[in-house]
Amino acid sequence: MGHHFEPLDQYFVKVADADVGKCLKMFTLLPIEEIEEIVAAHHRAPEKRMAQHKLASEVTEMVHSSTRLLEPFIPTFLTLH
């Protein structure tokens, strides 16, 4: 992971157990069935914070993907403004 995304990653890794399922539904594009499996696995071993790590990974990947998609347009944007 890029160093400038680490604070974002760490934010999502620290999400409370009670909120992680809701956050997976709100902030990722994962199918509901997959989210339910992730949350169930998390409940079996909450100390591993598997759901939080999946949440952080998914959100960070979306941010990285968005950044990569916009990179070709940055020079044009800068010359117009």
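When 50, 26, 62 are ordered from fewest to most other Cβ atoms inside 10 Å of their Cβ, what list results? Show your work: numbers first, answer last.
Values: 50 17, 26 9, 62 13.
Listing 50, 26, 62 from fewest to most nearby Cβ atoms yields 26, 62, 50.
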Could you give the radius of gyration (one decimal) and Dmax (whole number) of the Cα atoms in the range 3-71, in Å?
12.3, 41
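Work out, step by step, the length gained on full extension between residue 8 and residue 61: first 0.36 nm times the residue separation, then minus their alpha carbon distance; give nm to one decimal. Present the calculation step by step, with values, prior to reporting the outcome.
Details: separation 53, 0.36 × 53 = 19.08 nm, distance 1.09 nm.
Contour length minus Cα-Cα distance gives 18.0 nm.
Values in this text are rule-based calculations from the coordinates and carry no lab data. Here the structure is a predicted model, which is why all the values come from computation and not from measurement. So basically every Cβ, Gly included, is an ideal-geometry build from the backbone, and we count neighbours across all protein chains shown.
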